[in-house]
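A.B. asks: Encoded as structure tokens, here's the structure I'll be asking about.
The values are calculated or read from the model by the stated rules, or taken from the named source; none is laboratory data. All of these numbers come straight from a predicted model, not from anything done at the bench. Neighbour counts run over all protein chains shown; Cβ positions are idealised from the backbone, glycine included.
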Amino acid sequence: MAEAIQPKLTKVLSDVLANLAFMLTDDLAMECVQCAPWIEVRIEMHGRHHVELRLRCCREFSTILAGNLLGLEGSGVISIEQSNDATKELMNIICGQLATTLYGTQDIYNLTIPEVYEYEDPATATVPSKTVVAAICTQGFKVELLFREFTPTGS
Amino acid sequence: MTRDVLIVDDSATIRQMIRRTIQLIDLDIGEMFEAGNGIEALAQLADHEVACVIVDINMPSMNGIQLLRRMKDNPHLKDIPVVVVSTEGSAQRIQQIEEWGASGFVRKPFQPEQLRDVLKPMFGVKVDGGGNPTETDEGAF
């Protein structure tokens with residue numbers, strides 16, 4: 001399953017970044033900037049399938065993303081709140097695109113409100129079991145998308 | 001007749017992006033008001049007469065679908081055109097949005113032209129063919 005899903009995660013992540021923020025994906029083989037703090041945005045989608053998605057990136061990447069979306073590239077100070085908001089919206093859009101890419105357009109999927117977590121040390125951001133991880137390099141920064149299908153408690 | 005617009009999205013980033021997009025497109029739009037969810041939107045609508053409401057679906061407190069239904073149930077608000085701008089791609093959901101009375105749908109991420117083409121008829125500009133949404137695409141209903 002992971003082999004089938006991972007390329008789709010990578011494509012959706014790359015396409016959304018390009019279409020939304022004009023951020024093009026670099027060759028993964030190149031060196032990505034390793035930085036901290038590392039932020040993680042989590043969202044779930046519920047329908048015929050139940051999925052948790054996590055997007056992980058550097059705070060610096062998140063700040064550049066916010067600048068691009070707000071039209072402030074290099075010309076204004078981006079607050080933590082703006083940076084978080086932009087990254088949550090990126091996650092929201094990725095989730096909507098993935099729902100149709102993976103499961104088609106017939107079923108309705110309800111998305112939760114994205115939540116942001118921050119890790120001072122990226123090494124402490126663990127990967128839950130049965131998670132598929134896709135990674136890209138954009139603007140020199142590594143961005144990861146984690147995908148995990150689960151069965152809700154009580155069902 | 002008012003040419004003001006209300007933008008409803010819990011993301012300040014998206015509200016700013018829609019505001020910038022509207023400034024870019026060649027439509028004679030007046031003031032742009034903002035709200036972060038459906039409850040704030042209803043409060044804005046109580047204070048301001050607007051020509052159109054642009055609304056996201058996935059928001060806390062009162063989401064875009066709940067707002068749309070509240071507006072269509074309210075005799076004072078039911079005739080205000082509502083354009084849904086959302087990540088939603090489900091054909092079933094888009095059909096529901098239309099049935100509940102939305103005037104158009106634009107899927108995020110969107111290009112300025114897509115929003116312009118949906119807003120045009122609401123501001124008295126003729127649409128040059130096309131523009132009707134397909135099952136999973138966007139456009140004016």
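A.B. asks: Among the numbered conditions (1) in contact (Cβ under 8 Å) with a residue 60 or more places away in the chain; (2) out of contact with any Cys (no Cβ under 6 Å at 6 or more places or on another chain), tell me where A:A99 comes up short.
C.D. replies: Among (1) in contact (Cβ under 8 Å) with a residue 60 or more places away in the chain; (2) out of contact with any Cys (no Cβ under 6 Å at 6 or more places or on another chain), A:A99 violates only (1).
A.B. asks: Which one is farthest from the chain's Cα centre (by Cα), of the residues in the range A:98-155 that are of a type in the set (K, R) and surrounded by 13 or more Cβ atoms within 10 Å (Cβ to Cβ)?
C.D. replies: A:R148
A.B. asks: For A:A36, indicate whether it is crowded, with 20+ Cβ neighbours inside 10 Å and either free of Cβ contacts under 8 Å to residues at least 60 places away in the same chain or not aromatic (F, W, Y) (or both).
C.D. replies: It is false that A:A36 is crowded, with 20+ Cβ neighbours inside 10 Å and either free of Cβ contacts under 8 Å to residues at least 60 places away in the same chain or not aromatic (F, W, Y) (or both).
A.B. asks: Also, I was wondering about something else. Across the range A:1-48, which residue is modelled with the highest pLDDT among those that are among the acidic types (D, E) and farther than 14 Å from A:L146 by Cβ?
C.D. replies: By that ranking, first place goes to A:D15.
A.B. asks: Taking the range B:91-119 as the region of interest, how many residues are small (G, A, S) and surrounded by fewer than 23 Cβ atoms within 10 Å (Cβ to Cβ)?
C.D. replies: So the count comes out to 3.
A.B. asks: Output the number of the condition that A:S75 fails; it satisfies all remaining conditions of (1) away from chain B (no Cβ under 11 Å); (2) modelled with pLDDT of 95 or more.
C.D. replies: Of everything listed in (1) away from chain B (no Cβ under 11 Å); (2) modelled with pLDDT of 95 or more, A:S75 misses just condition (2).
A.B. asks: Run down A:L69, A:L55 and say which single residue is within 12 Å of chain B (Cβ to nearest Cβ), in contact with a Leu (Cβ under 9 Å, 6 or more places away or on another chain) and of a type outside the set (G, A, S).
C.D. replies: Result of the check over A:L69, A:L55: A:L69.
A.B. asks: Restricting attention to the range B:62-79, which residues are surrounded by fewer than 13 Cβ atoms within 10 Å (Cβ to Cβ) and in contact with a helix residue (DSSP H, G or I) (Cβ under 6 Å, 6 or more places away or on another chain)?
C.D. replies: B:K78
A.B. asks: Looking at the range B:80-96 only, could you name the residues that are under 14 Å from the mean Cα position of the chain (by Cα) and either over 17 Å from B:I7 (Cα atoms) or facing chain A (nearest Cβ under 9 Å) (or both)?
C.D. replies: B:S86, B:T87, B:E88, B:I94
Conditions tested, residue by residue: (1) out of contact with any His (no Cβ under 6 Å at 6 or more places or on another chain); (2) over 20 Å from B:S86 (Cα atoms); (3) in contact (Cβ under 8 Å) with a residue 40 or more places away in the chain.
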position	(1), (2), (3)
A:I5	yes, yes, yes
A:L13	yes, no, yes
A:L20	yes, no, yes
A:C32	yes, yes, yes
A:R42	yes, no, yes
A:L65	yes, no, yes
A:I80	yes, yes, no
A:N84	yes, no, yes
A:T87	yes, no, yes
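A.B. asks: I'm trying to understand the selection: among the residues of the range B:19-53, which are away from chain A (no Cβ under 11 Å) and assigned to a helix (DSSP H, G or I)?
C.D. replies: Across the range B:19-53, the qualifying residues are B:I22, B:G38, B:I39, B:E40, B:A41, B:L42, B:A43, B:Q44, B:L45, B:A46, B:D47.
A.B. asks: Since A:E81 meets every condition but one in (1) assigned to a helix (DSSP H, G or I); (2) in contact with a helix residue (DSSP H, G or I) (Cβ under 6 Å, 6 or more places away or on another chain), which condition does it not meet?
C.D. replies: So the condition that A:E81 fails would be (2).
A.B. asks: Ok, one more. What are the pairs with Cβ atoms under 7 angstrom where one residue, in the range A:125-139, is within 14 Å of A:V16 (Cβ to Cβ) and the other, located anywhere, is assigned to a loop (DSSP other than H, G, I, E, B) and not small (G, A, S)? Sequence gap at least six, or different chains.
C.D. replies: A:I136/A:L28; A:T138/A:M23; A:T138/A:L24
A.B. asks: Are any residues in the range B:14-44 without any contact (Cβ under 8 Å) to a residue 40 or more places away in the chain and either crowded, with 22+ Cβ neighbours inside 10 Å or more than 22 Å from B:P60 (Cα to Cα) (or both), and if so, which ones?
C.D. replies: Passing the criteria: B:M17, B:R20, B:Q23, B:G30, B:E31, B:A35, B:G38, B:A41.
A.B. asks: Does A:E89 meet the test of being among the charged types (D, E, K, R), touching a Leu at 6+ places or on another chain (Cβ under 8 Å), assigned to a strand (DSSP E or B) and surrounded by 14 or more Cβ atoms within 10 Å (Cβ to Cβ)?
C.D. replies: Spelling it out, it is not the case that A:E89 is among the charged types (D, E, K, R), touching a Leu at 6+ places or on another chain (Cβ under 8 Å), assigned to a strand (DSSP E or B) and surrounded by 14 or more Cβ atoms within 10 Å (Cβ to Cβ).
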